[in-house]
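Okay, here's the structure, questions in a sec.
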Amino acid sequence: MDARVYDRVAAVLSIAFLLALAAGSYYLAVWAAREPDKPAIPRPNEPDVFVENVLLTEVNSEGRAVFRMSARDMSHYPVDGTSEFHDPVLVSLDPARPTMTVVAERATLLPGGNETILNGNVRLRRGATEERPELIVRAQQMVVDGEKETARSDGPVEILQGRTRLTGVGMEFDNVSRALQVSSQVRATLSPTPAQPPSPIDQ
C-alpha cells in the first residue's frame with residue numbers, strides 16, 4: 001500500500017474513532033440528564049428464618065452453659081438483625097448464683113445477642129438463698145442482659161420478696177451483686193405474719 005494512502009486511511013480511522021467516542025459521551029450525558037438517580041427502595045423487613053420450639057444456649061469461655069432461652073417460635077429479620085420470640089423463657093445457669101428465670105409473652109433479641117427486650121406480663125423470679133427469700137418482679141416491659149445478668153424496666157413494677165410488697169416506676173436488678181433499685185414512686189407494704197397454729201403443749 002502506498003505510504004500516502006496508508007496515512008489517509010489511518011487519519012480517517014482516527015477521526016471516525018474520535019467521532020464515535022464523542023457521540024457516545026454525548027449520549028451518556030443526555031441519558032444521565034433525563035434519568036436522574038432514583039433513590040434506593042428499602043427492602044421490607046420481612047423474616048427470612050422461622051423456627052418452632054426454639055432452644056438457645058449461651059456458653060462461657062470454658063464451654064459451660066451459663067444462659068438458656070426457649071420459646072414457642074422465633075422469626076429472624078435480616079434488615080435490622082433482630083429476632084422475635086413468642087412465649088420466651090430465659091434462665092440463668094451459673095451454679096455460683098441463684099437461678100434467675102424470666103418469662104413473657106414476647107421478646108426481641110437485639111443484634112449481638114446480649115440484650116433481650118421482653119413485653120407482656122413479664123415475670124422475673126430469683127431463687128431463694130440462705131440470707132434472702134425468693135424474689136419476684138412483675139412488669140409489662142423489661143430489658144435483660146444475659147451476659148451481665150442484669151434486668152431493667154422503665155415502667156411500673158411490682159416486687160414481692162418474703163412478706164414485703166414493693167411497687168414503683170423504673171427498676172434495675174443485678175443478679176451478680178444482688179442489688180435491686182426502684183427509681184421513683186416507691187411504695188412498700190409489709191404483710192402481717194401469718195398466725196401460727198397452737199403447739200401441742202398449749203392445747
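The values are calculated or read from the model by the stated rules, or taken from the named source; none is laboratory data. The structure presented is a predicted model; accordingly, all values stated were derived computationally and were not measured. No Cβ is skipped: glycine too gets one built from the backbone with ideal geometry, and neighbour counts run over all protein chains shown. Only protein heavy atoms, including side chains, enter the accessible area calculation; ligands, DNA and RNA are left aside. Shrake-Rupley method; radii C 1.70, N 1.55, O 1.52, S 1.80 Å.
Taking the Cβ-Cβ separation of residue 164 and residue 106 as r and a Förster radius of 35 Å, what is the calculated FRET efficiency to the nearest 0.05?
On the way: r = 29 Å, r/R0 = 0.84.
E(calc), rounded to 0.05, equals 0.75.
So, one more: Multiply the residue gap between residue 89 and residue 177 by 0.36 nm, knock off their C-alpha separation, and tell me the result in nm, one decimal place.
Residue separation times 0.36 nm, minus the Cα-Cα distance, leaves 29.4 nm.
Projecting each Cα onto the charge dipole of segment 82-186 (Lys/Arg +1, Asp/Glu -1 at the beta carbon, about the Cα centre), which of 89, 143, 167 comes out farthest on the positive side?
Ranked along the dipole, the leading option is 167.
For segment 101-175, which whole percent of the accessible surface, found with a 1.4 angstrom probe, sits on carbon and sulfur atoms?
45
Over segment 69-203, give the accessible area per residue in Å² for a 1.4 Å probe, as an integer.
On the way: 7570 Å² over 135 residues.
Ligands and nucleic acids excluded, the result is 56 Å² per residue.
Where a ≥ b ≥ c are the square roots of the eigenvalues of the C-alpha gyration tensor, would you call segment 68-203 rounded, which needs a/c under 1.5, or, failing that, prolate if a/b is larger than b/c, or oblate?
Details: a/c = 2.40, a/b = 2.01, b/c = 1.20.
Cα axes put segment 68-203 in the prolate bin.
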